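None of the figures in this text is laboratory data; all of them are computed from the coordinates on show. Everything numeric in this text was worked out from a predicted model, so none of it was measured. All Cβ positions, glycine included, derive from the backbone under ideal geometry; neighbour counts span all protein chains shown.
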Amino acid sequence: MTRDSQPPAKLDAGGAALAERDARSARTFVVRLLLFLLVLEWAYYWPFPAGNFRDAAIDATLRGYAHAVSVVLRLLGTANASVANTVVGEEVIRVTRECDAFQCKAAFLAATLAYPTSWRRRLWILLIGLAALAALNILRIVTLYYVKLGWPSMFDLMHYQIGQWLLIAATILLFVICVKDARPHRTAVVDPS
């Protein structure tokens, strides 16, 4: 028998316990991720009475995005102003709830909370990741402004398809990069023999 055709070695009791623990850890991560996502989606979309804290926070976020986009556009030499959640210049861009990257931020937050690592490490991952996602979303909205200005026929494609998919891909990549060096909490494996 050649080396390549040899049957795989059997796992000893400790190896089998490690494999079972890793499978259980993966299942736990997925269940926690889904539960956190469910709670976040509920909190974002539930029809709370008017004038609640959540709506005020979302409105403040949208105004903040519009202001940040306006600042970036001015740095790039484009005259504009932000009024509430709207950027007004040669074109008008209104930043709405669909523009706040909530789903990406919620997925990142849920995945980070579900990931089995220390709370201090989770906090750093959240700070870095959510700030990076906000910056990427600002860049996306700035790009949409220029697309609307130069290629208005491409705006819907860029807004609803390409921009969204790029932000989703960036969210996944950012999470993988942030947790690649995070050490998961491990419990001791007891040899059953």
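Key figures for this structure:
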| read-out | value |
| --- | --- |
| Per-peptide average of other Cβ atoms within 10 Å, ordering 104-115, 140-151, 26-37 highest first | 104-115, 140-151, 26-37 |
| Qualifying GluC sites (Glu not before Pro) for the range 21-102 [loop in DSSP, other Cβ within 10 Å: at most 13] | Glu90 |
| Mean separation of Cα contacts under 8 Å, 6 or more apart, over the residue count of the range 54-193: relative contact order % | 23 percent |
